[in-house]
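Where a number appears in this text, it was derived from the coordinates with a stated rule and is not lab data. These figures come from a predicted structure and were not determined experimentally. Here Cβ is always computed from backbone atoms with ideal geometry, including for glycine, and neighbour counts include all displayed protein chains.
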């Protein structure tokens, strides 16, 4: 094996990086503080619970080198995702029970300090990758007052059974909040969803096909980018209203304006509309400003009485970097854009260090692209981006952080973001209309296999299998 590469975190990003490193002839040393791989999808104490499914259909939660088992459901449960990641990790040997406390420059390399079995260790590696994700530290607001009941973060939620006979308030109605509120209400638990803002509630399927597979295409992306941002936002809001996603039909306080030019915020759920329409799930609108012994106090002074609160209020990343390096990457307690990096991967002041999966976005193709690009650079197979290119990229990320109104995701243009990363290291597929795969590449969902057709790490046979599979799922003839 070649030079040793330290990789922090054995979730999807760390596993993808280790696979890429091994393929490049490096020796990946994969540190994981827990006793099992999987990150969010880790069984037992991961952020996902057994009844949680992926937000995206499994074709978009797929690495190019690992096929899902035949007849996998469109939206796999936590255990199925963990099984997929375990199969993907075959041949890797994560070092479990290693809590990394610092990654810092040391000579021409990077020193990693960690605790294992109660003892502190330190080793210097040729390069390092931080792949610990953005779900490192559950975040809950600090509020005045005190609550006499049970209070837990969504990362601690494990199912509806423990809440039988209780009144539960679920604070936050993004993806995890929506799923938890729907699961509780569907199980007969008296549930109130507390939301500070309305979200479009969209069905998972469109014409019998997962809606994301129809939307995450280059053709749709081009349609969006041809419009000025305000017009593109209005078009999206109008489309979501036409799909019946306006929550105002359940509660007038949640009504969204389909002609709005603000960025749309959305959730996908097949259960939520029925529960709201039937009254099984109640809604409280407003921000929580204080706690009371009996429950929550909202900004308008109204109260939500409950026996338990599930806080679906997000996460903040924890990065084991010295304070000067955190300042260098503009680390901030910001739920949208906590760090500023070129392509969410590199910083010109940190040669030999890369970041993979440390951004808010669940698409495995992007994670794999970051991992492959990082390894190509860290292995010396290609130069890093020029400093001026990286500075321009960092400015773009700062623009996202400062955007008002704020988008739901820093890179909601998944297709455009993936293609920009692919172009950085020469794996963007040819979009020549005369090309063999043009129809699939232009009209089909953008999956990780698109980026195995050419360039470093190309595997056209593997790519063809994934392109055909995704094409067939959207009801098109194989190419």
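Can you sort 140, 173 from fewest to most other Cβ atoms within 10 Å of each residue's own Cβ?
Fewest-to-most ranking of 140, 173: 140, 173.
Starting from a Cα-only point model with no solvent, please compute log10 I(q)/I(0) by Debye for the chain at q = 0.06, 0.07, 0.08 1/Å.
Taken in order of the listed q values, log10 I(q)/I(0) reads -0.27, -0.37, -0.49.
Work out how far the C-alpha atoms of region 75-168 reach from end to end along every principal axis, then list the three figures in whole Å, largest first.
58, 39, 25 Å, listed from the longest principal axis down.
Could you work out the pair-distance distribution P(r) of region 1-73 from its alpha-carbon pairs, with 10 angstrom bin width and percents rounded to whole numbers?
Percent of Cα pairs in each bin: 18, 41, 32, 9, 0.
With the crude spin-label approximation of a point 7 Å out along Cα→Cβ, what separation in nm comes out for residue 472 versus residue 459?
1.9 nm
Just the number, please: percent antiparallel of the DSSP beta bridges in the chain, rounded to the nearest 5. Don't jump to the answer; show the numbers that get you there.
Numbers: 29 of 64 bridges.
The antiparallel proportion sits near 45 percent.
Report the Stokes-Einstein translational diffusion coefficient (µm² s⁻¹, integer) for region 201-276, Rh taken as the Kirkwood radius over Cα pairs, at 20 °C with viscosity 1.002 mPa s.
Translational D for this selection: 162 µm²/s.
How many percent of Cα pairs in region 140-313 exceed 21 Å?
Here the tail beyond 21 Å accounts for 52 percent of pairs.
Which ordering of 120, 80 is given by a fewest-first count of other beta-carbon atoms within 10 Å?
Fewest-to-most Cβ neighbours within 10 Å comes out as 120, 80.
Which order do 33, 19, 401 fall in if you start with the one that has the fewest other Cβ atoms within 10 Å?
401, 33, 19
Given the rule -39500 (n - 2.57) for each run of at least 4 DSSP H residues, summed and divided by the residues of the chain, what is its mean residue ellipticity at 222 nm, to the nearest 500 deg cm²/dmol?
The helix contribution divided over the chain gives -8500 deg cm²/dmol.
Run the Debye formula on the Cα coordinates of region 397-447, all scatterers equal and no solvent, and tell me log10 I(q)/I(0) at q = 0.14, 0.20, 0.24, 0.27 1/Å.
So the normalised log intensities work out to -0.50, -0.78, -0.94, -1.06.
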